[in-house]
1. Given the criteria within 13 Å of A75 (Cα to Cα), open to solvent by less than 80 Å² (accessible area, probe 1.4 Å) and assigned to a strand (DSSP E or B), does A132 qualify?
2. Within the bounds of segment 137-155, is there any residue that is assigned to a loop (DSSP other than H, G, I, E, B) and within 30 Å of K65 (Cα to Cα)?
3. Out of the residues in segment 135-147 meeting the condition of being open to solvent by less than 40 Å² (accessible area, probe 1.4 Å) and touching a helix residue (DSSP H, G or I) at 6+ places or on another chain (Cβ under 9 Å), tell me which one is nearest to S175 (Cα to Cα).
4. Of the residues R173, R180, which single one is part of a loop (DSSP other than H, G, I, E, B), under 30 Å from Y70 (Cβ atoms) and not hydroxyl-bearing (S, T, Y)?
5. T155: within 20 Å of the chain's Cα centre (by Cα), open to solvent by less than 70 Å² (accessible area, probe 1.4 Å) and farther than 18 Å from T110 by Cα, yes or no?
Amino acid sequence: MAEEKKGLEDLKDLQKEAAAEQKAAAPTAQAGAAATDNDAAQSTAAPAAPASDPNDVNAAPLREKKVDEYGRSYATGRRKDAVARVWLKPGSGKITVNGLDQGKYFARPTLRLVINQPFEVAQRKGQYDVVATVSGGGLSGQAGAVLHGLAQALTRMEPELRSEIKRAGFLTRDSRVVERKKYGRAKARRSFQFSKR
């Protein structure tokens, strides 16, 4: 036990010495680099191109903004058997699903919560109007389809939000669907009631 502590203390001392050597070597290396830079600047008049910083926040987004002539972005969302077509445009935050207000179409508060998740993650609540048409599946699947389409439309309207929305998992299509029924069974896995005689 005492040997391990001694070994750890030695390691810490070695790290401190290495850090001190790097600090001492840094000014001389910078001076040498400056001297070579001056020589290079005198020999060639062409300036060097600035290096691009990969962590630069103001760098151009990877994808283009996709908006139609009316200023709307469109996307399709899917979940289970439901398919949602979603249009997103700047507005007051009104969400219309199949011609009805979201409160009437999705009566359960949890479903309305599901739909609004991309806006909360991107901090854009109340800034966009949404018009969606959904078909197929039940209410839960339809809410998931609207969520998926809404997240995709939001990334097309503001491509810089894509990383946040993708990190939350809203751009990935949920591949879970109902398992098929098998012959010789009541459902996908449920067996018929066993009768001994």
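1. Yes; evaluated as a whole, the condition is true for this residue.
2. Within segment 137-155, none of the residues are assigned to a loop (DSSP other than H, G, I, E, B) and within 30 Å of K65 (Cα to Cα).
3. In this case the residue turns out to be G144.
4. R173
5. So T155 passes the test.
The values are calculated or read from the model by the stated rules, or taken from the named source; none is laboratory data. Bear in mind the structure is a predicted one, so any value in this text is a computation, not a measurement. Heads up, the Cβs are rebuilt from the backbone with ideal geometry, glycines too, and the neighbour counts pull from every protein chain shown. Surface areas here come from the heavy atoms of the whole protein model, side chains and all, with no ligands, DNA or RNA. Shrake-Rupley method; radii C 1.70, N 1.55, O 1.52, S 1.80 Å.
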